[in-house]
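Input: a single structure, listed below in structure tokens.
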Amino acid sequence: MNIIVPVKLVPDLVEELSIDASGTALDTAWLRMIINEFDDHAIEQAILLKEKTGAQVTVLSMNIEGVDDLLFAAAARGADRLIKLNGDFVNASNNHALARAMATLIQDLKPDLILTGVQAHNDLDGSIGPRISNYLGMPYVGYISGVNISDDKVIVRKEYPGGLIGEMQVSLPALLGIQAAEQPPRYVAISKVRQMMKTMSIEELDLATLDSMGAPVVNRMFQPETTERATMLSENAEDAANQLVNIFKELGVL
Amino acid sequence: MNQDIFVAVEHLRGKVSDISYIMLAAAHDLAQNTGGKVVALLLGLNAQQLAGNLNADQVLYADHSLLTDFNPEAYQRTLIGIIDEYKPRAVLFGHTSIGTDTVGCISAQLGLPLVSSVRTIEANNKLISQICGGKIMAECNLPEPIALITLVPGGYKPEQGQSTQSPPVTAIPVQVLDGLRILLNKYIEPETSDVDISKEPLLIAVGRGIQNQDNISLAEELAQAIGGVVCASRPVVDQGWLPTSRLVGKSGSTVKPKVYLAIGISGAPEHVEAITGSDVIIAINTDSAAPIFNIAKYGTTADLFDLVPALTEKIKNIKG
Ligand SMILES: Cc1cc2nc3c(=O)[nH]c(=O)nc-3n(C[C@H](O)[C@H](O)[C@H](O)COP(=O)(O)OP(=O)(O)OC[C@H]3O[C@@H](n4cnc5c(N)ncnc54)[C@H](O)[C@@H]3O)c2cc1C
Ligand SMILES: Nc1ncnc2c1ncn2[C@@H]1O[C@H](COP(=O)(O)O)[C@@H](O)[C@H]1O
């Protein structure tokens, strides 16, 4: 069983985001990039399957700053093979082209199962997973929070609103969009990651040139304009607590 | 090629989802600009009656036993056939478990542009998408030739997409659907629990800002003091710190309490869509740019680890 997990670095949303001089993109100068949280779950799900069935897990990501740390951390959690993709990711933001280029490379890795995150929060055309599945002729199901391998198929838990689950069976090879692993992503000690840096190597593959045709063109980006922002209370905890007590009284819940 | 706006209607176990009505409302905005009709695409088995209150000029209905429940592959194939034949100006999908499973493959298969997470349609058919967890909005034009769009809630009310007059329904032939590689085995009902957060009047909600399982007790003590119930955002539930029955959001419950106190929650769209029915939202978050402050009535950037215990103390003193 050959499991491939494509992983994306995305801006950390806890940090301040600003828009660059063109007005159409995020200012990358100050962005702190972290692993897309759903990809963290996808790696975890892959490792859980490896522990249950003895699969080989390959994690691949684009070669931008932070990628080595990300890949070695994945290895410390149990990934067997690490790949970074060389390409022009700054000017390319076309998921049609990116998916096609990635599909070509992934095909050579002979995947039985591809696990992506259910979505990344920073692109406008999205749907990398479904696109790759289409180019590789595989079925795709997303919003997955549980996977079991059973011979030539997987049994998955697909989430619907309100906590409803659809149990589906999907024949392999297949691509799944992971929302949550069956267990929270495991923690690994830094010492173990350091050890991986010494013992594991990262392979490099070149992506085909990405043309930008077919991607939505952003006219402008802006922070949400709101008419009714919150009335801000004190930033001092003691004072804010007093204000909240009064508000609760006014609202009749205290 | 025509100027019509198609809407891929979503329904689950015999009920049309709110996002379908929201899409119909948005489709009317688009159609007004293009001069086309609003056409609802309904897929199902003996499901014509679901068309009854759709605010559409026309419904195209595909009936097939393999369309009884949502199946990504069956939906893709059916819709690819319809889009290829009718060539509408745009097709709307929900940014949901059903819509996003369907639209990506269609975009790849037909080579059509996709704009996702669209919240509103503005003058001249400018599409406004919500990205980066609600912190950034992006505007783009309606792409050519056939625009595929996924819609998030928040920009339109479901009532705008409902009508008291039934639209005309036209049955259309369905493609051959054999050889599906995806099958629905069964539905698994949500866990039942002691409390139903959708009915509680006072909710103390905790998010990732709470940092670890031990700290959940801070929220529990506050809830106990004031007489409320603890609920959570997705990361807290995914970590196993609270059960799924306490999850608020797109994949959990929709809530409408008198007071919703959000502690260490950023206000991502998937969380916010389920709390806008609250009478009053109050947010505690150290990030003054957190989107939660855009929908809260009151907010403070005080640190939750200082504020929550102080608040609990004061309430205990008052209640004696
Ligand atoms: C398909 C899909 C479905 C989803 N369904 C849901 C869902 O049902 N429910 C849901 O909640 N999410 C859902 N999500 C996830 C959603 O996108 C967000 O990731 C999630 O809501 C973020 O949770 P959070 O606000 O707790 O965490 P974060 O976004 O990490 O926010 C934590 C906040 O805590 C603040 N903070 C940190 N420390 C302190 C402190 N000491 N004092 C005060 N504030 C502090 C930070 O400033 C930050 O704003 C879904 C996502 C997808 C893609
Ligand atoms: N540039 C990328 N490199 C590697 N994986 C990616 C990339 N873009 C998207 N993905 C994968 O596809 C998933 C969905 O992303 P998206 O379709 O862009 O919302 C992510 O969670 C990743 O698993």
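Over all distinct Cα pairs, what is the inverse of the mean 1/r for chain B, reported as the Kirkwood hydrodynamic radius in Å?
Result for chain B, one decimal place: 21.3 Å.
Provide the per-residue ³J(HN,Hα) series for the stretch A:6-21, in order, calculated from phi with Karplus coefficients 6.51, -1.76, 1.60 and θ = phi - 60°, each as a whole number of Hz, with x at glycine and proline positions.
Taking θ as phi minus 60°, the curve returns x, 10, 10, 8, 10, x, 6, 6, 6, 7, 6, 10, 10, 9, 7, 4 Hz for the stretch A:6-21.
Where a Cα-Cα gap under 17 Å defines reach, which aspartates and glutamates qualify for A:LYS52, not counting those fewer than 8 residues away within the same chain?
Result set, ordered by chain and number: A:GLU44, A:ASP80, A:ASP112, A:ASP151, A:ASP152, A:GLU182.
Work out the mean other chain Cβ neighbour count within 10 Å for the residues of A:130-137 and drop it here as an integer.
5
Looking at chain A, what % of its DSSP beta bridges pair antiparallel, to the nearest 5?
40 percent
Among the GluC sites (Glu not before Pro) in the stretch B:189-248, which ones are in a DSSP loop with at most 16 other Cβ atoms within 10 Å of the Cβ? Mind listing them? Let's see the in-between values first.
On the way: sites: B:GLU191, B:GLU220, B:GLU221; in loops: B:GLU191.
Listed in order of number, the matching sites are B:GLU191.
I'd like the projected area of the stretch A:1-138, averaged over all directions, using the convex hull of its alpha carbons. Report it in nm² with one decimal.
So the mean shadow area of the Cα hull is 8.2 nm².
Show log10 I(q)/I(0) for chain A at q = 0.08, 0.12 Å⁻¹, two decimals, from a solvent-free Debye sum over equal Cα scatterers.
-0.39, -0.79
How shielded is B:285-294 by partner chains, expressed as the average number of their Cβ atoms within 10 Å of its Cβ atoms?
4
Please identify the helices of chain B, taking whole runs of DSSP H, that span at least 20 Å along their own axis as judged from the Cα atoms and have a mean Kyte-Doolittle score of 1.6 or higher.
Flagged H segments: there are none.
Give the cross-link partners of B:LYS319 among the aspartates and glutamates, using a straight C-alpha distance below 17 Å as the criterion and excluding same-chain residues fewer than 8 apart.
A:GLU250, B:GLU220, B:GLU221
Please state, to two decimals, what the Cα-based radius of gyration of the stretch B:201-276 comes to when divided by 2.2 N^0.38 Å (N = residues). Each step should come with its number before you reach the end.
Working: Rg = 11.0 Å, N = 76, 2.2 N^0.38 = 11.4 Å.
Here the answer is 0.97, to two decimals.
Restricting to lysine pairs 8 or more places apart or on different chains, what number in the stretch B:87-237 have Cα atoms under 22 Å apart?
Lysine pairs meeting both conditions in the stretch B:87-237 amount to 5.
Give me the dipole magnitude in Debye, nearest 20, for the protein assembly as shown about the Cα centre, with unit charges on the beta carbon: positive for Lys and Arg, negative for Asp and Glu.
Computed about the Cα centre, the dipole is about 640 debye.
Per residue Cα convex hull volume for the protein assembly as shown, in cubic angstrom?
Enclosed volume per residue, from the Cα hull, is 152 Å³.
Going toward the positive end of the dipole of the protein assembly as shown, with +1 on Lys and Arg Cβ and -1 on Asp and Glu Cβ, which of A:LEU233, B:SER198, A:SER61 do you reach last?
Of the options given, the answer is B:SER198.
Rounded to the nearest 500, what is the protein assembly as shown's calculated 222 nm mean residue ellipticity when only DSSP H runs of at least 4 contribute -39500 (n - 2.57) each, over all residues?
Calculated from helices alone, the mean residue ellipticity at 222 nm is -8500 deg cm²/dmol.
Positive end of the dipole of the stretch B:260-320, charges at C-beta (+1 Lys, Arg; -1 Asp, Glu), about the Cα centre: which of B:ALA262, B:LEU311, B:SER278 has its Cα farthest in that direction?
It is B:LEU311, whose Cα lies furthest towards the positive end.
Counting other Cβ atoms within 10 Å, which chymotrypsin sites (Phe, Trp or Tyr not before Pro) in the stretch A:183-254 have at most 11 and lie in a DSSP loop?
Those that pass, being in a loop and sparsely packed, are A:TYR187.
Calculate the dipole size of the stretch B:9-158 relative to its Cα centre from +1 charges on Lys and Arg beta carbons and -1 charges on Asp and Glu beta carbons; express the result in debye to the nearest 20.
Dipole size: approximately 280 debye.
How large is the dipole of chain A about the Cα centre if only Lys and Arg carry +1 and Asp and Glu carry -1, each at its Cβ, rounded to the nearest 20 debye?
My answer is approximately 820 debye.
How high is the relative contact order of chain B? Use alpha-carbon pairs under 8 Å, at least six apart in sequence, and give a whole percent.
15 percent
When DSSP beta bridges are limited to those with both residues in the protein assembly as shown, what percentage is antiparallel, rounded to the nearest 5?
On the way: 39 of 111 bridges.
Approximately 35 percent, going by the DSSP bridge assignments.
Given axes a ≥ b ≥ c from the Cα gyration tensor, I'd like to know whether the stretch A:136-226 is rounded (a/c under 1.5), prolate (a/b larger than b/c) or oblate.
It comes out rounded by the Cα gyration axes.
Please compute the average number of Cβ atoms from other chains found within 10 Å of each residue's Cβ in peptide A:143-154.
1
Express in whole angstrom the spacing between the alpha-carbon centres of the stretch A:143-207 and the stretch A:1-63.
12 Å
How big is the Kirkwood radius of the stretch B:1-118, worked out from every pair of different alpha carbons and given in Å to one decimal?
This gives a value of 14.1 Å.
What's the center-to-center distance, using Cα atoms, between the stretch B:97-155 and the stretch B:7-60 in Å?
17 Å
Ignoring GluC sites (Glu not before Pro) that are buried or in helix or strand per DSSP, and keeping those with at most 15 other beta carbon atoms within 10 Å, what is the longest stretch of chain A between them?
Of all site-free stretches, the longest is A:66-181.
Between the DSSP loop rule and a limit of at most 16 other Cβ atoms within 10 Å, which trypsin sites (Lys or Arg not before Pro) in the stretch A:92-191 are left? The partial results should precede the final answer.
Numbers: sites: A:ARG100, A:ARG131, A:LYS153, A:ARG157, A:LYS158, A:ARG186; in loops: A:ARG186.
Here the sparse-neighbourhood loop sites are A:ARG186.
Laboratory data are not the source of any read-out in this text; all were calculated from the coordinates shown. All values reported here derive from a predicted model rather than from experimental measurement. We place every Cβ from the backbone using ideal geometry, glycine too, and count neighbours over all the protein chains shown.
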